[in-house]
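**Q** Next up is a structure, given as structure tokens.
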Amino acid sequence: MANITKSVFVKFSPEVVDMPVVYRLVKDFRLIPNIIKADINPQNQGYLVMTLSGEEDDYCRGVDYLKEKGLEVEALVDRITWDEKTCTQCGACTAVCPSSALSIKRPQMNVEFDGGKCIVCNMCIQACPVGAVKLDI
Amino acid sequence: MIKKTYEEINEKIKKGTAVVVTAEEVIDIAAEQGIRKATEKIDVVTTGTFGIMCSSGAFLNFWHTKPKIKMTHVWLNDVAAYGGIAAVDAYIGAAEVAEGDPCNNNHPGHFRYGGGHVIEDLIAGKEIRLRADAYGTDCYPLRKLEKTITINDLRDAFMFNPRNSYQNYNVGVNCSDKTIYTYMGILKPHCANAHYSSAGQLSPLINDPYYKTIGIGTRIFLGGGEGYVAWPGTQHAPNDPRSEKGIPLGGAGTLSVIGDMKQMNSRYVRGVSITGYGVSLMVGIGVPIPILDEEILEYTTIKDEDIFAPICDYGILYPAGEKCDIGSVSYAELKTGEIEFQGKKIRTAPLSSYTMAQEIAATLKDWINQSKFLLGQPSQLLPTDEKRGGVNNG
């Protein structure tokens, strides 16, 4: 089985907000979580953005577990949109993007987005003059 | 010595026999065939640039109303336009922030909407809310006006940008110890990134460094329509130091341009929000350079590796009004995405779109090839010596 690393967006409803899901992912599924961003309040809904590394089989079972427990799990890349049509290909986002998720393809000099590399730091949202990058969390 | 005239080139354009290449294409052609052969062959070299140009705006005329109004204050989508000209004329500036915007009260501000966006929306044919008030006169009694308009409801709409298309421009870095939000983008502390803003070898005034063909009346691509160079731009500074090849080492020349907004395409005119700074407008400009002789052709063969931009500190020196030039770098180096500066490697990013500049140069080339666009012979070239003042340097 291959080792994989995936970025996920996990949404908690108020009913499941107390559950120590990250612990379960480590202990029961041998996954390595790296939490990038989280906003979870007791008795309230919240979200967690993290990368999960481990064997593909464990990753799939871990995600199934989260879903069974009533959490919404989505690939992070589905939450971030870079609208190529709105983008002017200027490149203002590329030097401030710490993970090179937004980069310039050379020698063509056009902007490319790799959602898999995004760590949701929001720098591009501040840097883009035309609002081509949107984050929905 | 080869000599061509504007008339001869325009005759060829009309017949569809003119040879037109972009400022990128001419580089290889001249390298392969030599300057003389390339001059014989090529009639026009097209240039292009697409970037943020704050000194932009538009004159609008709203038609007279019944009863008539002499607008004192004018707003378009809550962005104030200048009404201190004739009754139903106004000027909307690209950098005007919408009324009620918190600006930098919560730093860095987002500046979501402003004059640049109004201009883009007008060109895109979108509906705009017009509001105006007036003190009322015997000949213009109406004191309030509120209506929804589109560009088609305007009698006249022409863009008139006092300063566009800088010949060369600063590379922004930040020597301070905190992140800064500037018109050169977000600059991280301790010079961790560098931002530049020029199309380099494709940029209009870089390809005609001594303004031997560009002047008042030069017909240009402006925002997707046909426009003109109206005047040297504000802060036109031809005396800035130059390299051996004659290329300015700083901003130097600028253009004041004019064009009918009803012809324009919002793909090439984009309202922008610059975090922590304000609103502005991205403008697409393309200037055709007639190849009148070998010297003019040779200028158009300039390459990114021979164009140097000053590295400027926007953290401490620039805002203080001090000399901020702390280094120099070529566009070839900047375009790699990484430069070495003060002993460390730092990431670079452009703020002007090179692919859009290419598209504009290619579009202008198509227009000329299709005989849709003729060269405009300038009635006066741009000044090459600022000390003589005005445009009378002939």
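**Q** Residue under question is B:Glu322, and the condition is that it be in contact with a Ser or Thr (Cβ under 9 Å, 6 or more places away or on another chain), open to solvent by 60 Å² or more (accessible area, probe 1.4 Å) and charged (D, E, K, R); does it hold?
**A** Spelling it out, it is not the case that B:Glu322 is in contact with a Ser or Thr (Cβ under 9 Å, 6 or more places away or on another chain), open to solvent by 60 Å² or more (accessible area, probe 1.4 Å) and charged (D, E, K, R).
**Q** Can you work out which of the residues in region A:98-120 that are in contact (Cβ under 8 Å) with a residue 24 or more places away in the chain and either within 21 Å of B:Ile52 (Cβ to Cβ) or not β-branched (Val, Ile, Thr) (or both) is surrounded by the fewest Cβ atoms within 10 Å (Cβ to Cβ)?
**A** For region A:98-120, the residue satisfying everything is A:Pro98.
**Q** Could you check how many residues of region B:277-312 are of a type in the set (Gly, Ala, Ser) and within 14 Å of chain A (Cβ to nearest Cβ)?
**A** 3
**Q** A further question on this structure: Taking the stated definitions as given, is B:Tyr331 crowded, with 19+ Cβ neighbours inside 10 Å, within 25 Å of the chain's Cα centre (by Cα), more than 14 Å from every other protein chain (Cβ to nearest Cβ) and more than 12 Å from A:Thr94 (Cβ to Cβ)?
**A** When the stated conditions are applied, B:Tyr331 does not pass them.
**Q** For region B:238-276, which positions are away from chain A (no Cβ under 14 Å) and not in a loop (DSSP other than H, G, I, E, B)?
**A** Scanning region B:238-276 gives B:Arg242, B:Pro248, B:Leu255, B:Ser256, B:Val257, B:Ile258, B:Gly259, B:Asp260, B:Met261, B:Lys262, B:Gln263.
**Q** Moving to a separate point now. Looking only at region A:125-137, filter to residues that are more than 10 Å from chain B (Cβ to nearest Cβ) and modelled with pLDDT of 90 or more; which one of those is nearest to A:Val8 (Cα to Cα)?
**A** Per the stated criteria, the residue is A:Lys134.
**Q** Now for a different question. Kindly evaluate A:Glu112 against the criterion of being part of a strand (DSSP E or B) and within 14 Å of chain B (Cβ to nearest Cβ).
**A** The answer is yes for A:Glu112.
**Q** OK, next. Are any of the residues in region A:30-41 open to solvent by less than 30 Å² (accessible area, probe 1.4 Å), of a type in the set (A, V, I, L, M) and modelled with pLDDT under 95?
**A** No, that holds for no residue.
**Q** Now a separate question. If I ask for residues that are under 30 Å from B:Arg163 (Cβ atoms) and buried (at least 17 other Cβ atoms within 10 Å of the Cβ), which ones from region B:1-24 would you list?
**A** Of everything in region B:1-24, those that are under 30 Å from B:Arg163 (Cβ atoms) and buried (at least 17 other Cβ atoms within 10 Å of the Cβ) turn out to be B:Ile9, B:Asn10, B:Ile13, B:Val20, B:Val21, B:Thr22, B:Ala23, B:Glu24.
**Q** Quick check on this structure: which one of B:Lys66, B:Lys70, B:Lys14 is farther than 24 Å from B:Thr137 by Cβ and of a type in the set (Lys, Arg)?
**A** Residue meeting the stated conditions: B:Lys14.
**Q** Against the definition (modelled with pLDDT of 95 or more and either open to solvent by 20 Å² or more (accessible area, probe 1.4 Å) or among the small types (Gly, Ala, Ser) (or both)), how does B:Pro189 come out, yes or no?
**A** Here the answer is yes, as B:Pro189 does meet what is asked.
**Q** Could I ask something else about it? B:Asp78: modelled with pLDDT of 95 or more, over 30 Å from B:Lys178 (Cβ atoms) and surrounded by 17 or more Cβ atoms within 10 Å (Cβ to Cβ), yes or no?
**A** Taking the combined requirement at face value, the residue does not satisfy it.
**Q** If you don't mind, another one. Please give the number of the condition B:Thr336 fails out of (1) within 20 Å of B:Ser203 (Cβ to Cβ); (2) part of a loop (DSSP other than H, G, I, E, B); (3) touching a residue at least 40 places away in the same chain (Cβ under 8 Å).
**A** Failing condition for B:Thr336: (3).
**Q** Considering only residues of region A:50-94 that are at pLDDT below 90 and in contact with a helix residue (DSSP H, G or I) (Cβ under 6 Å, 6 or more places away or on another chain), which is least open to solvent (accessible area, probe 1.4 Å)?
**A** Here the residue is A:Ile80.
**Q** Could you say whether any residue in region B:2-13 is more than 29 Å from the chain's Cα centre (by Cα) and at pLDDT below 95?
**A** yes
**Q** I've got another one for you. In this structure, is B:Arg131 surrounded by fewer than 22 Cβ atoms within 10 Å (Cβ to Cβ), part of a strand (DSSP E or B) and either at pLDDT 95 or above or away from chain A (no Cβ under 14 Å) (or both)?
**A** yes
**Q** Right, B:Val269: farther than 30 Å from B:Pro108 by Cα, buried (at least 19 other Cβ atoms within 10 Å of the Cβ) and among the hydrophobic types (A, V, I, L, M, F, W, C) or not?
**A** Judged against the criteria, B:Val269 is not a match.
The values are calculated or read from the model by the stated rules, or taken from the named source; none is laboratory data. Since the structure is predicted, the reported quantities are computational estimates derived from the model, not experimental observations. Heads up, the Cβs are rebuilt from the backbone with ideal geometry, glycines too, and the neighbour counts pull from every protein chain shown. Keep in mind that these areas ignore ligands, DNA and RNA; they rest on the heavy atoms of the full protein, side chains included. Shrake-Rupley method; radii C 1.70, N 1.55, O 1.52, S 1.80 Å.
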